[in-house]
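Beneath this line is the structure, given in structure tokens, with notes to follow.
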Amino acid sequence: MTKKTKLLLGGGVIVIALAYLINSGIREASVYYITPSELKAKGGTVPDRSLRLGGMVVPGSLQWEPQTLKLTFRLTDGKEEVAVEHTGSPPDLFKEGAGAVVEGRCVGDGPFQSSMIMAKHSEEYSPPEKGAHPAEHIHQTLVKPQLTP
């Protein structure tokens, strides 16, 4: 084998190794967003894949155990519901009836195992009224208005 052939062969091996490392790194770091309906369509599980599951927290489904920091709730997209289990403190804006995105994994037939909760906040902006306290105005924009009959 000539020196030029050895050099080309060695360069080819390095390029293939780099391509493999880049591909496996991107695949491992990627997190897919999915809705409860899409998760149910896949049979309720997506093994060995980190997912972000988004939807609204179903009212009445939120259960918090402060001693164990276990939080269970259900997420819905209006069509399907998925049970979610999380260990740790939830974010301040996390509540029933509000939007949330959870990151985690599907484990068997059990609930979705969340490692992180991201609570959605109000996307509506209105400036504070003249003379209003800014902190109270911000709080009012985050609270859902109560409809009176």
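All of the numbers you see were taken from the coordinates with simple rules; none came from a lab. Nothing here was measured: the structure is a model prediction, and the numbers come from that model.
Remarks
- The lysine pair tally for the range 32-119, using Cα distances under 21 Å and a gap of 8 or more places or different chains, is 4.
- Beta bridges per DSSP with both ends in the range 32-119, % antiparallel, nearest 5: 80 percent
- Using only the C-alpha atoms, the convex hull of the range 32-119 corresponds to 82 Å³ per residue.
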